[in-house]
Every structure is written in structure tokens, then in C-alpha cells.
Protein chains: 2
Amino acid sequence: MRTDKEPIYPVEPWEVTETAFFKKETARGDNGFSAIERNNYRNETTFALSNGYIGTRGTFEEAYDFDIDTGLEGNFINGFYESGRIRYGEANFGSPLRSQSLLNLPNLKETLLYADGEQFRMDEGTVTEYARTLRMKEGTLERSLIWTSPGGRRIRIRIGRLVSFEKRHILAIRYEAEPLNFDGELTFVSRLQADVENHTRKTNPIVDYGPFGRRLEPLRLTAEERRLYYEGITKGSRLTMGCGSSHRLWLDGKPAGARESYETGELEASVSLTLAVRKGETAALEKMICYLDGEVSMRRAEELLAEAEATGYGGLKERQRACMDHFWETAGIDIEGAGADALRQGLHFNLFHIFQSAGRDGRTGMGAKGLSGEGYEGHYFWDTEMYVMPVFIYTEPGVAKALLDYRYAKLPEARDRARVLGHDKGALFPWRTINGEEASTYYPLGTAQYHINGDIAYALCLYFQVTGDVEYLKEKGAELLIETARVWADVGSFAECRGGKYCICSVTGPDEYNVLVDNNFYTNLTARENLRNASRAVRYLREHAPERMEELERRLDFSQEETVLWDRIAENMYFPYDEKRGIYPMDDGFLMRKPWDESKIPPEKRAWLYENYHPLFIMRHRMSKQADAVLGMYLYGNYFTEEEIRRNYDFYQEVTLHHSSLSTCIFGIVASGIGYREEAYRYFSQSARMDLDDYHDNFYAGIHAANMAGTWQAVINGFAGVRCQDSGLSFRPYLPEDWDAYAFCLRYRGRRLRVRIERERAEFTLLEGERIEFWINGRRAAIEQEGGSFVEAL
Amino acid sequence: MRTDKEPIYPVEPWEVTETAFFKKETARGDNGFSAIERNNYRNETTFALSNGYIGTRGTFEEAYDFDIDTGLEGNFINGFYESGRIRYGEANFGSPLRSQSLLNLPNLKETLLYADGEQFRMDEGTVTEYARTLRMKEGTLERSLIWTSPGGRRIRIRIGRLVSFEKRHILAIRYEAEPLNFDGELTFVSRLQADVENHTRKTNPIVDYGPFGRRLEPLRLTAEERRLYYEGITKGSRLTMGCGSSHRLWLDGKPAGARESYETGELEASVSLTLAVRKGETAALEKMICYLDGEVSMRRAEELLAEAEATGYGGLKERQRACMDHFWETAGIDIEGAGADALRQGLHFNLFHIFQSAGRDGRTGMGAKGLSGEGYEGHYFWDTEMYVMPVFIYTEPGVAKALLDYRYAKLPEARDRARVLGHDKGALFPWRTINGEEASTYYPLGTAQYHINGDIAYALCLYFQVTGDVEYLKEKGAELLIETARVWADVGSFAECRGGKYCICSVTGPDEYNVLVDNNFYTNLTARENLRNASRAVRYLREHAPERMEELERRLDFSQEETVLWDRIAENMYFPYDEKRGIYPMDDGFLMRKPWDESKIPPEKRAWLYENYHPLFIMRHRMSKQADAVLGMYLYGNYFTEEEIRRNYDFYQEVTLHHSSLSTCIFGIVASGIGYREEAYRYFSQSARMDLDDYHDNFYAGIHAANMAGTWQAVINGFAGVRCQDSGLSFRPYLPEDWDAYAFCLRYRGRRLRVRIERERAEFTLLEGERIEFWINGRRAAIEQEGGSFVEAL
């Protein structure tokens, strides 16, 4: 990770702007060739738009034919994947046999503009006054420029784009062209390109499975009445999708006629609209694009497009703004202070991307890369539960609930998986998946991460704690807790050689450099909590929803007796402990491993260990990729003294390489808790700018959603010290040295609380809801009514 | 493993006889369909012949077109392999990218016999007086029968076959036919079939790589002058091979003329020889077959065939018998006692197969399946060094040396592999290989078995101890020891948390159910010995061959200073120890694992855990596939008290499932040492008959060479308690209850010693060589001169 980078984009709190379009010919400064190519590829992720259903990369309407290192067109529907056969050198029992890859879908953004036959291309003629801007308050992407054609025609071009939060099927584009020095004919050619394929294999040499080649079989392709429509079915997973576009032309704000022509090939279609425009007039093409899957029909697409057309681009934009306002109102963090703009920009960028990436329909989750690229094949990991979901739980609990719904919906697959792993009862969630089945092809770093069960249980319980949604506990939560707990009760055993403590062997914790270990500290901790909470849930249901309990007992072949074992395990969970240092080693073997000598690793290989070293080399060394035990101490801090956490933090600080994007935000939070404020601030700063400045040099493949969400946590759970446990909501806030103040909002049990932290005071305002109680620095506080405030001196 | 089976073949000490040819139509008794099919498939392995260079399965000359469950034609050249690309769900750095598979080569055994146009087939007409016999004293396979054709012609047929130990390129067949009730024309059609391919993928669903399809590209195919010849090159590995056959006809012992005709296709060729034969006359076809690789030419093949023809089948058979006599003279074990015949047969069968399977040219090793089938793709494993080589060291040291030469020759590849695994110095031998490169596609059960280095060092040192061949130490041995030791000195570290002891993490020991563990007892033990012996070798060379030492220092960039670290590691090697039970757990985590509950495993899945359970399920349970710590206690018994060994044996006896064929023989040896004589005898008996009675139900895929050799060890190192350590050769013999006596020979430092153990005495006779000293039951004994004896009362 390179954290010494200059900001890539101008520092503006609410915008991210590309100020020039770079191609090979226009190298800036002394940058090398590949850096230039990567510039565009990366920016496609920066400017990716999504609404949790549709995702589209920030590619250009001109649809440049970039090579594989320069760019990647990408359009996705959340949960829409293709399968291919996976081959193994040697297959294990239970190795997934079919892949799941978020499928790259037909592109409809392509729009070519011709001025008297001259085609607008930024790599020909001259481009001036160029700006492409992600407007995070508006939820739109805008591009404006003046193009002088090789033939000398000057045109002002403005293109707006949004993926509608309100209308989940709609991506809308408004394309304006104003001749500046000529009268002539403008032609808009809008295309549908279905000759698309995934680049997974090409960009990720570590995986060797499909989908290879074009995977959608076209069922229908039409171009008529200013509409394009495509319908296809995947070859492997047999899922159907449709997409279409509709087009309306305006001249200086009035509907305009045009000469129309259509072309359809086997895999592409286009509509051309030509109109005469005079100097100073603005021609505008409004293009509505829809994507849909499942029950697909052209009629349904036409309805969706007609509905969007009726609203118009302007209307969609207004409503988009309203959605964003609603989001920022609660999720936004106001940082005051000179020089905080870069952090504010990073924060907003991160929040914007996670907000737009989360599935909201209960049948989809959120990919580790959102819907911004093909990275990790679009898979959902624990990132959702442990990093992203806390943000939503405190700010948009409806989204959090939808993500939990997704897991609940996949309980049948998780039960099947538990059987494959030899558990007679319970459910084991897959390490990576789209459709609910395990898609990890390398079990030491996949299925062995049993903690996924505990992670889901953690997020679920945090959801209950913060929202107080006991109905959800009854309806779905208890079942999730019971089924995950049952696996914990079966995976380990009480070991005589450990004083009868419960040991869990041969699992992998969060840390991906310490694989297949015994008694991973984090795993045992999260397992214990899962068991405790499952036991509590059973007690709660027995008391408050006995019928539901009975129904569960019947359906799950569950006996309340099982909680006796759970409680016994929870009371007797084993944790590796080193007396001498007073620390919890990451696992039983950690302290025995060979000391890591970074000086032996060439600098260019340091961040890419698995790409350059054999797994056995990595495993036998005493070092850590990312927060593991430290994450456990953050989540379950109530079980440890501050002094204990400090000792452990100090130890792990030395041995952690932070090669995962999931690491620094957690270290930052824990550093805050133990008074390491400078370090906390440094980690936070890295986390805030990590993707915007591409510290990991791989942003082109997609966002790092976990870290993005971790930034929010670094402020709220770190600087402001927010926790929500049995005792309720609590704060231990402080103000980072460089700032004058910061403020944020939290939703808590139907209330909305605004928190403002200054140097010497913390102010709490109850924006919505009834009387609220909370803890501030260990003391109880309350605000009696909506609008009321509470001030604590710091 | 099923050990309750009835003998498959009649019990005869020196023969194995198939008394009937079973096909689907002739089911015997109530056997099911598949059992019948397997009968032939298995017998092809039973009757496989080899000389360490050529290997040929015991298929019939009639070349029946069996389906994949019924039979597999197989002809191999040791070390001749084909490569295909290996694909991985997710590749790791250092995963082998090219496979190595012992290639199934063109078949030349095929010989069809026509009597007046009626083709001899055992599944048509009637077969009587049938016997197919492996003659282990002679080293030949013979078949005799009387066939009555559908048309009523009766012919006596006798077919002899041998793969010559003297002429490594030659496989010879003598095919006799005697009309019993007619005069007529006999036609022998001898064929060369090059349309062959490996069945690996078809028979082993766990691997998913090639070679697929026919992998030899024909370079030449001719049929002329009673000779067939083929030359081909592999598509992947680009190795060339040639094979040919020559044919001579005899009538009642005199050279006979014949009508000849030839056919050649793209991939097959044949010669037909027709002659008139009268009732009672015997026509005989002598067919010499040669295989060669490397520098291949038709001229060379013709020379080899001419040479073999000059010797004739009779001559070859005589010399074969002489080779076998020489072998049995030393390697044979005479067991006296009623009812010992079944064990003698098993022992002879096992010794015969390992004798014929070992590579002898210093550029090839010995496959775990010998050259008897495609099992394990013909790979060489540690089986050679730990199981097979001790037999050869004591009986045929020249063969042992050739096998060590092979490892020495592959040091360059082992050095490269060590670099891949992150070791700056030294050599790491591959877990499975043919060409010296790692071919294991699943590193937890492959490359992680670092003990292979220690195993090779062990065999090498045993070779020195037994042969006293110090020249070999200077020439090759020291370099092997130094290079293997260097990896041990780098793989672990002195761990503060283990009192500064040297710990080795993340390796897999011999036990394949306990994977990627810390401080595997066997590994640490064998590593310590490797380091000690390397250090000793350096001291020896410094004193006795300083120039060689200097040369090594230069060439290996080696400093004698390195031995200081080696010695320190050896002195401070860590071993897991359980105070309470007084045992050495197999590894640090073993005692923590979940107790194994066999009752939860359906019987049909018990022996096939990896086929039916996820690796994580297997790894998290406290059980063991095979001898691991117990093997260490056998090899390095001098470091442990008998009481200690007994405690450990008792413990491992409980937790070991013996799912590997490498297990029972070792348990048997250790049981002997601690006075568990009944158990030792039972294990020995199982080991002796394991393959002959197909206890593992997979003999069709090839022999279990390690267990076969382990049987010999169970007698010599078990019952007779033979060890050879620094103090010299020692015995602690006893006579198993059921026997009257047993006798065997050992080669020791140029001498040949015969040992005969009776109930109350042990007699030692020095058959060859000068004065010999040895230990018997802890007391020193000596025989002063050749022919002399020593008797010890027991």
C-alpha cells in the first residue's frame, strides 16, 4: 500500500473531478506508459454509478475501443451471475464445481455524436474546458467540454448520467450538444452492444475458470420507434435478463423531430437521430436505459422506460437529489477545520460508493467491490456484515435489514453447506457467494473461514441493539442465530489438554496469512458471542413468542436442550494466551512462527505476497496481513481492559503488514480507544483516501467497500467512541488535533440523534423521536424530548 | 481395508495361479457383476511384469476389448512421462503448472491365433485345463490351456512371458499351439497397437488434468521382415520412444517357414504368419519386444531385437532364473511351520514385485505403484526411501545406490524448488514426481510434506551404515545431506514461547489426515537427524576428503560455519509432549482435536474419507490415517525407552485408522519391539497378504510397493529386531508363535550373513566376507571367518 501519494483529483469536499482525459498520446509529466493507461481504467471505477440493482462503470459514451489494460466496459445487475465449470488440479470433497461470476451485461450507454459527419472523439481534434465530475450531493456524473473537430467545428458538449435510486431499473443519460461556430446537422447514434464478455480471467490470473467468452444467448433484439431492446439468457446459470433504451430529442428545450434510422445485427442494434442545429442552439438527447432480470419481457421494459420518460431526466435528477439529501442528512459527517477538505472528500466518496452499492431487495447482498467492476467476481463476503452493515444499521437501517434478509433467504443453501462440511445440524454460510452457495475454490482461504457465521450473527445482533427491532428477531433473527450457533457447537470440542476448554481446530481467521490454524482468537471470540446470543434469542422467544419457538423447534428439529451445550461452550471457550507478554496470540501457533524479515522481500513484492511467495512460506512466518485479534478486541471490547487492549494492540501493530484494505480502519478505531490519537488519525486518513488515491493500485478492478465503510466507523466508533451493547448506546468522544469540530447523526431505536464534538464539549441533539438515554464517558445522559439537547464537557 | 478375505488364489509358496478366466458370462458363485469385472482388472496387476525399465500389465495376448471397469492394457517405460497443463480453481504461487504422468505406451504383446480361420478367444468355444501362473522363482508368467473352438478344433496353448532383468529393453513371449484333434493351418497375427492413451482421469476422478487422449505423435511405423517398429514423440513433454517386435516361428523345435503378410495403418501394424501344422505338432512363435527411449532409432531397436533373438526365449528364461536365484538367495525369507504357506506366498509376491519395479539406471526411481499400472500417475514418493530402499540396502545394495543416484541427479530441480518455497539455500525434494519437479497439485498433502527431505537423508544414512560405502558419501552423499539440511535450518525458528526450542510450523507429516500442522513429531525428528548427519558428513569430509569439502564449499556457496547453526538446532529441536499421558502428540494441536466417532461414519465411507468428507472435517478430528509418530519411534528408536515407545504405541493404536497401506507394517515392527507379539503377528499377516488378497480393493490400479517392502521389514526389523546404527548391526530376534523357524540373509559391509531363528536359538552364519561383529540382545558377538557360525540361545 502506498500512502505517500498526491491526491489524484482536485480536493473538493462534494465532488470528484477528472480535469483532463488522458490517453497514451497525452502523457502528463514524466508518468510512464502504463500509469497513463491505468488512469482511465481506474477512473472508470471512480465514476461508477449504481443503485444496488444496476451498476455501470464510468466509461464514456463514445465507447472507445480500449485494450485490456486501459479500460473495461461494465454493466451489471446485482445477483445476476453466470456459472462455469471449475477445474481443480486435485478436487476435494465439497469443492464448488460451478463458478458464480457477476456477469458483464450488454452496454446501452454508447452514444456517438456526429457533426456534419465528423464523429466526436476526445482523442481526435481538440478538447478544452474539460471536466468530468462525480457530484456526490446530487448522485450524478457530469461531463462538459468543448470539442474542436479536426475539421474545425466547435461544439460544447454536456453529458449527465445517473442511476436512479428511486427507479431501480433505470439508468438515465442526458446528452447535450451546442454548435459554437457552425450551423449543421447533428446525428446522435445510440447503440446497444450485446457482444460483451467478462474479463475476470484476463485480469485475475489466479483464477482459472469462467465465464469465458460471451455467455448470454440472445433471445430477442429489436430496434424500432426510438427504442432498442435486448433479451438474453445465460448459458450456464440459465438466468434471463432484458435491457432497453428509449430516446427523446430536444432542441433548445423543445421536443424535436429527427431523421431516424435503425440498424440491427446479431448482437447489436442502434438508432440514429439526425437533426439540423444552428450555432448557439442546444440539441439534447434524453436517453432512458433499463435493466431487468427474472420475469423479463419487452412489454415490462417499455413500461419502465415510458415511466422514466414521463419523469424526464430533469425529474429523475431532482428525485435523485432528494434521495441523496436524505442519505447525507443522517450519514454525512461534517468535519470542520482548515485542511480537512481532503478527508471530507474521501469520506464522502467512500460513503457515496457504499450507499449506491448495497442490494436493497432482500434477494441480493453487496459485493466486496459493489457493482463497480468485475473484481472478486462480484462476490459477497463478510465485508458486508462487518464493515458495511454497521454504517447502514446506524444510518439507513432499512438497507441493513434488506442485507440481513438476503442472508436469511440463503439459509437453505447454508444448511446444505453445513452438511457437506460434516455438521449434522445448523447452517454454515459460504465464504464468498452470489447465489448462496460456496464459491471459494481454495478452501484454506475460503470455506475454512468459519467466522463468517459469527460475523453474520454479529451484524444481526448489532442490528437488534441499535434498532430495537424485536419483530425481526422473532421473524428471522432467532432462526439465523440458532442455525449458525449449531455449527459452532459441533465444530470443536472440550479438550482435556486445555483444561477442558472448548477448542476449535483447523479454521482460518480473518487474517489471510495465517491459514488453517487452531484456536484463532477472533474465531473463538465471535463463536462464543454467536452461541451466547443464540441462547439469549431462544430464551427471548420462549418468553415472548412461544408459538414461534415451537414452530422453530418443529421445523429445525431443534430442542431447547441444545442451549445447555451452547452455554457450556460459551462459558468454557478457550483463548490462546501468552502469560509473559500478557497478550492473546492470534492462534495457538502464532508465537512459534518464524520472525518476519521484511528486508528479505524485494520492495515490489512486499504488498503482493501470495502473488510472489508460496503459501507455506507465508504461513510459516510470524506476521499478519490484517486486523484479526485486534478486530475482535474492537467488536467485543467490553470483555477486555483498556490496558489489555493496549498490550495487544502494541503487539499486533508490530506484526501486521496491513496488506488487506480491511485493516487500517480497524487499527484506527482501536487506537482511538486506547488513546493512541495520532496513530488513529493517521490510520483514519489512510483509510479515508485509500481508494480515491488508489493506495492499493488496484482500484480499477472495483471499490474496496469494506474500507470505505470502515472510514465512517473510524470516525463514529473511533473518534466518537460509539458502541451499542446491552447497556445501550455509549460515547467516548474526542476531537482529533487537526480539526475544529465534527458532527454526525445516528439512528437509534427510532430516534435520530445529532452529535457534535468540539474540543471541549460534546453536544447531543435529539432530531427525531422520543426520550433517549445514552452513556457519555461512562456517565448516563438523557434527552427528554425531540429537539432537546445535552451537552457534556470534554 | 478388509482383512477378512479368503485367499483369492490357491496357496502356493512360489506361485500365484489364476485357475479360471472370468468374464461376465461366467460369474462364479454369488459374486455380483462388478466383482467379476474387477477380477480381471485386478489380476492384470497381479501378473504385471517389469524389470525396473519396462513395465507391462498382465493383460492377455488376445487383447480383449474390455471396458474401463474390466481391464486396462498398460505398457510403460520407467521415467517416460507426458505433461499436460494443470488447471486450478485458484492457483497458488509455486503450484505445478505441468503434470507428469507415466505414459501408457503402444502395446506389442497382442498376438492373435487362428486355427483354420477360427480365432482363439477364451470367451468363445470352451477353455479347459486353464492355468495362468506367475512363477516367482523363475521370473516368468505362463499360461496354459486347452481350447475347443466353436467349430470343434482342440488346441493346446502354452504362452510364456518375461520381462528380462538381464536385457532391460526386452519383453519376450513364447506362444505355443498344438492341434490336438486336427491337421490344419495356424496363423499367428502379431500386432503393434499405438492408438493408446492413459486412463488416469477416467479411473481417478480426484485429478482433473491430462494427459488426455493419445499423446504420442507417431514418427515412424513399419512392418517388414517379420518386424514391427514404431517411433513416437510425446506432444507435451517432447520425449521420444521407440518400440518394436521381431518374430520367429518353430515347428516341433525346428525353425519353420510361413506365409507372411503385413498390414500397417496410421497407428497400428501387424505381421501374419501362417503355417500348416499336423495334429500333435507344436507350432511356436517366439516374439521379442523391445522398448527404448531417449536416443531412439530403428537401427538400435533392430540390434536389441537381434541380440535377444540370438539368445532365444529359452536362453532368456534361463538367465532370468539366474537373476531370480541371485535375488532370492539373499532377499528370500524361509518360514518353516505348518500353515505358513499363505504368508510365504504373500512375502514372495511382495518381494517379487518390489524387486522387479525398482529403477536401476540412476536416472529413474521407483513409483509407489511400481510399473504395474497408472495409479498415482506413476509418481515416485517417499515410499521408495522409507519402505523399499531398506530392503534393497540389506539385500541388493546396488539397486539402493541406483535409487539414491536418481535423487542426487535431481538435486538441481530440488534446489529450484527450495527457492520457490522461499529458501535461499539448500534443496527441497518434491513430494511426488517423475522428472524431479514437484507434481503435487494439492500442496497441503504434497509440498507441505517437508519430511521428504529427511526421508531421503534417512535412506542415504542407512545405506552408509549398512554398506559402509564411504566413497558414496564423498561423491554424492555429503552434498545431498548438506543441501537437505539447509532447508531444515531455514524452515523453522527458535521460539521464545517454547523455551527457545526450534519449532517447525505449517508442515504436513506422514499422516495425511493431519494437515498443515505445527511441530509434527515425525518431521521434527527426521529433521533433527538430517541436520546431525549433515553436520557429521561435513566433519567427515573435512577430515577425510578436504579437497572434496572445498569443492563443495565453492560450488554450493557453503560455509562450514553453517553446521554451528545445524548443531544448535539439533540440540534444541522442539517436540510436543503431553506430560499427563507421557506421550508425544503427533503435533502441537493433535490432542485438542475433536474425538473421532467412527459410529457416525457409514461403513461404506469409512475407508474413503477424502472421497466422502471435506478436508476440514477430517482435519479437525483427533485421529490418524497411518503411522506417523510411531514411524519416527521405529526409525529413531534409540532415542526412546521401551516404556516410552509402549505408551506412545498404545496411544496411537487407539487413534490410528490404518487407511494408508503404509501403516500396518510399521505398527507391526514397533509392536515386535515392545513385546506385543500377537499384535505384531497380526499386522505382519495383514501386510503380507494385503495386495495378494486385495484388502484395499484397489489393486487393479497398481501395487502398493511400500507395504510390500514393509512386509520384509516386519520380519527382519520386526521379528528379528534388526537395526543398524552407529554401534553397528544388532538383533533382538524372536520366533512368532505359529512358526517353527525362519531364516533370512543380510548384506552388511561387503559380507553376507545368514540368520536362522528358532524357538530357543538364533544361528548366524557368515556366508561371504571377512570377520563380522554384531550385537545380539545387547551383547556383542562376532564370527571370525567366512563359513563360520555363531549361535545364541534365546
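Summary table
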{"quantity": "Relative contact order (percent, whole number), region B:115-242, Cα cutoff 8 Å, 6+ residue spacing", "calculated": "14 percent"}
{"quantity": "Nearest-10 value in Å² for the accessible area of A:S506, using the 1.4 Å probe", "calculated": "10 Å²"}
{"quantity": "Förster radius 22 Å - calculated FRET efficiency between B:R759 and B:R779, Cβ distance, rounded to 0.05", "calculated": "0.70"}
{"quantity": "Most to least packed among A:545-557, A:289-301 [average Cβ atoms within 10 Å]", "calculated": "A:289-301, A:545-557"}
{"quantity": "Listed residues A:I434, B:A301, A:V755: farthest to the positive end of the dipole of the protein assembly as shown (Cβ charges)", "calculated": "A:V755"}
{"quantity": "Coil-residue GluC sites (Glu not before Pro) of region A:691-794, DSSP, other Cβ within 10 Å capped at 12", "calculated": "A:E737, A:E760, A:E770, A:E784"}
{"quantity": "Solvent-accessible surface ranking, highest first, for B:H169, A:H353, A:H544 at 1.4 angstrom", "calculated": "A:H544, B:H169, A:H353"}
{"quantity": "Label-point gap, in nm, between A:R121 and B:A310 - each point 7 angstrom along Cα→Cβ", "calculated": "7.7 nm"}
{"quantity": "Amide H contacts under 5 Å for B:R761, placed H, 5+ residues apart", "calculated": "B:L794"}
{"quantity": "Assigned charges on the beta-carbon of Lys, Arg, Asp, Glu; region B:126-175 dipole about Cα centre (debye)", "calculated": "80 debye"}
{"quantity": "Cα-derived Rg to Rh of the protein assembly as shown, Kirkwood definition", "calculated": "1.04"}
{"quantity": "Region B:542-549 - phi-based ³J(HN,Hα) in whole Hz, Karplus 6.51/-1.76/1.60, Gly and Pro as x", "calculated": "4, 7, 9, 8, x, 5, 4, 4"}
{"quantity": "Accessible area (Å², 1.4 Å probe, nearest 10) - B:K600", "calculated": "130 Å²"}
{"quantity": "Across the identical copies, how the B:G265 labels are spaced - nm, sorted shortest first, 7 Å along Cα→Cβ", "calculated": "4.6"}
{"quantity": "Shielding score for A:489-497, defined as the mean number of other chain Cβ atoms within 10 Å", "calculated": "5"}
{"quantity": "Sequence of A:R154, A:R132 from largest to smallest accessible area, 1.4 Å probe", "calculated": "A:R154, A:R132"}
{"quantity": "0 to 90° range, to nearest 10: angle between helix A:451-467 axis and chain A longest Cα axis", "calculated": "80 degrees"}
{"quantity": "Cα-based reach from A:K476 at 22 Å (exclusive), listing lysines while leaving out same-chain residues under 8 positions away", "calculated": "A:K401, A:K410, A:K425"}
{"quantity": "Relative pair counts by distance (%), Cα atoms of chain B, 20 Å bins", "calculated": "16, 48, 30, 6, 0"}
{"quantity": "Chain A, helix-only ellipticity at 222 nm - DSSP H runs n ≥ 4, -39,500 (n - 2.57), divided by all residues, nearest 500", "calculated": "-9500 deg cm²/dmol"}
{"quantity": "3J(HN,Hα) from dihedral phi, region A:567-580, Karplus parametrisation 6.51/-1.76/1.60, rounded to Hz, x for glycine, proline", "calculated": "5, 5, 4, 4, 6, 10, 5, 8, 10, x, 9, 9, 4, 4"}
{"quantity": "5 angstrom amide H check on A:K5, placed H, neighbours 5+ away", "calculated": "none"}
{"quantity": "B:H199-A:I146 pseudo-label distance in nm [points 7 Å out on the Cα-to-Cβ vector]", "calculated": "8.0 nm"}
{"quantity": "Charge dipole of the protein assembly as shown about the Cα centre (unit charges at C-beta), most positive-ward option of B:G315, A:V16, B:C503", "calculated": "B:C503"}
{"quantity": "Net dipole in debye of the protein assembly as shown [+1 Lys, Arg Cβ; -1 Asp, Glu Cβ; about Cα centre; nearest 20]", "calculated": "480 debye"}
{"quantity": "Using a Förster distance of 30 Å, the FRET efficiency for B:T274-B:R214 (Cβ separation, nearest 0.05)", "calculated": "0.45"}
{"quantity": "Label point 7 Å beyond Cα along the C-beta direction, distances from B:R363 to other copies (nm, shortest first)", "calculated": "6.4"}
{"quantity": "Whole-number percent relative contact order across region B:332-466, with pairs defined as alpha carbons under 8 Å at least 6 apart", "calculated": "20 percent"}
{"quantity": "Phi-based couplings in Hz for region B:376-390 (Karplus 6.51, -1.76, 1.60; Gly and Pro marked x)", "calculated": "6, 6, x, 6, 8, 10, 5, 3, 4, 6, 8, 10, 7, 4, x"}
{"quantity": "Aspartates and glutamates with Cα under 12 Å of B:K369, excluding same-chain neighbours fewer than 8 positions away", "calculated": "B:E377, B:D383, B:D691"}
{"quantity": "Per-residue average of Cβ from other chains inside 10 Å of B:439-447", "calculated": "4"}
{"quantity": "Amide hydrogen neighbours beyond the local backbone of B:H704, cut-off 5 Å, H modeled", "calculated": "none"}
{"quantity": "Solvent-accessible area of B:M241 with every protein chain in place, 1.4 Å probe, in Å² to the nearest 10", "calculated": "0 Å²"}
{"quantity": "Averaged over A:507-519, number of beta-carbon atoms from partner chains that fall within 10 Å", "calculated": "3"}
{"quantity": "Label 7 Å beyond Cα on the Cβ vector: A:D325 copy-to-copy distances, nm", "calculated": "10.8"}
{"quantity": "Using a Förster distance of 22 Å, the FRET efficiency for A:V564-B:E598 (Cβ separation, nearest 0.05)", "calculated": "0.30"}
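The values are calculated or read from the model by the stated rules, or taken from the named source; none is laboratory data. Note that this is a predicted model, so its numbers are computed, not measured. For neighbour counting, all protein chains shown are included, and Cβ atoms are generated from backbone atoms with ideal geometry for every residue, glycine included. We work out accessible area using only protein heavy atoms, side chains counted, and drop any ligands, DNA or RNA first. Shrake-Rupley method; radii C 1.70, N 1.55, O 1.52, S 1.80 Å.
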